[in-house]
Amino acid sequence: MRMSAEQYLNWENKSVTLLGMSGVGKTHLSGCLRQHDWFHYSGDYRIGKRYLDEPILDLIKEQAMKVPFLRDLLRKDWIFINNNITVDDLGPVLSFVGKPGNPERGGVALDEFMRRQSEYRNAEVRAMYDVPEFIRKAHQIYGYSHFVNDVGGSLCELDEPGLIDLLAQHSLILYIKVTTATEEQKLIERAKSDPKPLYYRPDFLQSQLMVYLQEQGLTYAAEMAPDDFIRWVFPRLFHSRIPRYEAIAGQYGYTVTSEEVAQVRHEGDFNQLVAKAIARRQED
């Protein structure tokens with residue numbers, strides 16, 4: 001969605017999609033806006049609560065059934081298991097995605113990991129197709145004036161025909177870019193200190209696995225230490241996504257920096273930042 005800075009500031013019912021890697025400030029902005037009259041649509045929450053709820057519960061039950069005491073309780077319907085995901089705690093989704101590597105070290109066998117990756121991709125696509133309907137719900141049912149779409153860092157990886165067009169039709173796309181080496185290193189160090197499950201394009205994952213196994217002198221993915229692989233692959237994933245983000249922002253949206261985002265404290269700051277990004281784009 002294209003508009004002038006003045007049109008954005010006067011836009012009665014604003015809808016913004018935040019694009020960028022995990023850690024660049026999307027959740028920070030969403031949290032600030034949530035304190036005002038903005039409906040916060042979390043893509044990962046929708047994924048976990050709607051589209052991966054049953055697979056997540058199946059995975060938990062599969063593990064519980066290995067414990068005789070829990071197995072009997074489950075089979076007799078004396079207990080039930082619930083997916084207690086929240087907007088601020090997406091743990092169940094992360095647990096489902098998992099990390100490839102040695103199962104004895106908390107990893108997931110490669111075939112199973114690829115199956116879960118496919119399920120996650122399909123769920124993210126469906127969650128993004130839900131955005132127009134949730135914009136309607138935000139206004140008509142819940143009475144919010146504005147809407148912020150807090151998408152996962154993997155949106156640029158989906159390669160789903162028409163999806164970005166749909167989001168751009170219904171929202172202003174704002175890409176949060178890491179522009180300094182210091183900020184980039186902070187992001188990478190954060191990922192290394194707390195390696196989280198991630199979504200990878202299948203061709204990217206396969207190529208990086210081959211390189212990693214060769215560098216480490218390993219034969220199979222099942223020999224990998226899961227966290228070690230995540231730490232190794234994250235900088236490569238980060239740099240592979242940059243041109244994809246920039247292509248989306250170049251065609252559909254506007255760009256701000258992670259440093260600018262860090263200065264936002266309330267709705268007014270955010271709106272002025274977006275207006276500034278629009279003005280910058282018009283000057284180029």
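The values are calculated or read from the model by the stated rules, or taken from the named source; none is laboratory data. The structure displayed is predicted, hence computed values, not measured ones. Using ideal geometry, Cβ is built from the backbone for each residue, glycine included, and neighbour counts are taken over all protein chains shown.
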In the stretch 227-284, which residue that is touching a residue at least 12 places away in the same chain (Cβ under 8 Å), not in a helix (DSSP H, G or I) and not hydrophobic (A, V, I, L, M, F, W, C) is nearest to residue 167 (Cα to Cα)?
253
Which numbered condition residue 6 misses (of (1) modelled with pLDDT under 95; (2) in a helix (DSSP H, G or I); (3) under 21 Å from residue 254 (Cβ atoms)):
(1)
Subset tally (residues that are out of contact with any helix residue (DSSP H, G or I) (no Cβ under 9 Å at 6 or more places or on another chain) and touching a residue at least 60 places away in the same chain (Cβ under 8 Å)) for the stretch 187-226
1
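What about residue 12, is it in a helix (DSSP H, G or I), loosely packed, with under 13 Cβ neighbours inside 10 Å, of a type in the set (Asp, Glu) and out of contact with any Asp or Glu (no Cβ under 6 Å at 6 or more places or on another chain)? Before you say what the answer is, go through the steps one by one.
Numbers: in a helix (DSSP H, G or I): no; loosely packed, with under 13 Cβ neighbours inside 10 Å: yes; of a type in the set (Asp, Glu): yes; out of contact with any Asp or Glu (no Cβ under 6 Å at 6 or more places or on another chain): yes.
In short, no.
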Given the residues 39, 96, 69, 80, which is the only one that is under 30 Å from residue 235 (Cβ atoms) and either aromatic (Phe, Trp, Tyr) or without any contact (Cβ under 8 Å) to a residue 12 or more places away in the chain (or both)?
96
Please find, within the stretch 4-63, the residue that is nearest to the chain's Cα centre (by Cα) out of those that are under 24 Å from residue 84 (Cα atoms) and of a type in the set (Ser, Thr, Tyr).
22
Among the numbered criteria (1) modelled with pLDDT under 95; (2) more than 29 Å from residue 115 (Cβ to Cβ); (3) in contact with a Lys or Arg (Cβ under 9 Å, 6 or more places away or on another chain), which single criterion is violated by residue 25?
(3)
